[in-house]
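Step one of this worksheet: look at the structure below.
The values are calculated or read from the model by the stated rules, or taken from the named source; none is laboratory data. From a predicted model like this one, the values you see are computed outputs, not experimental measurements. When we count neighbours, we look across all protein chains shown, and the Cβ atoms used for this are built from the backbone with ideal geometry, even at glycine. Note: accessible area is taken over every heavy atom of the protein model, side chains too, but ligands, DNA and RNA are not part of it. Shrake-Rupley method; radii C 1.70, N 1.55, O 1.52, S 1.80 Å.
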Amino acid sequence: MNDILFPAEIMGTIQTFVLQKRTKAFMIQRTMHLGELVEALGADALPVKALAGILLLALEQAEDKPEEIVGKVSAVRPSFRLGQSAGTSNAASFGSNDAAVSH
């Protein structure tokens, strides 16, 4: 019945709130990156069920050896690589030449 919050409890509440906000922001960013990847690959033209099936199959094959899957994708899209991007590890990314358009 003690409604008084002590400094440690206040700090714990603030830290929990900050972690929740950061987690939500990370999840939003990750979802946006996945959408960008789908668009960059042209997979957004596929029916949703087909794309989901392809992702599930790739996930099953890539659980132990993601580098092998990236190697297969790189054969089709040479600019695709598995590497470190700012703040993330094991992130799939495209080369900077993908954005360049020649006129």
*Report, by residue number, each residue of region 1-60 that is among the aliphatic types (A, V, I, L, M), outside any helix (DSSP H, G or I) and within 30 Å of LYS72 (Cα to Cα).*
LEU46
_Close pairs (9 angstrom Cβ cut-off, 6 or more residues apart or separate chains): open to solvent by less than 90 Å² (accessible area, probe 1.4 Å) in region 10-38, assigned to a helix (DSSP H, G or I) anywhere_ = GLY35/ASP44; LEU37/ALA43; VAL38/ASP44; VAL38/LEU51
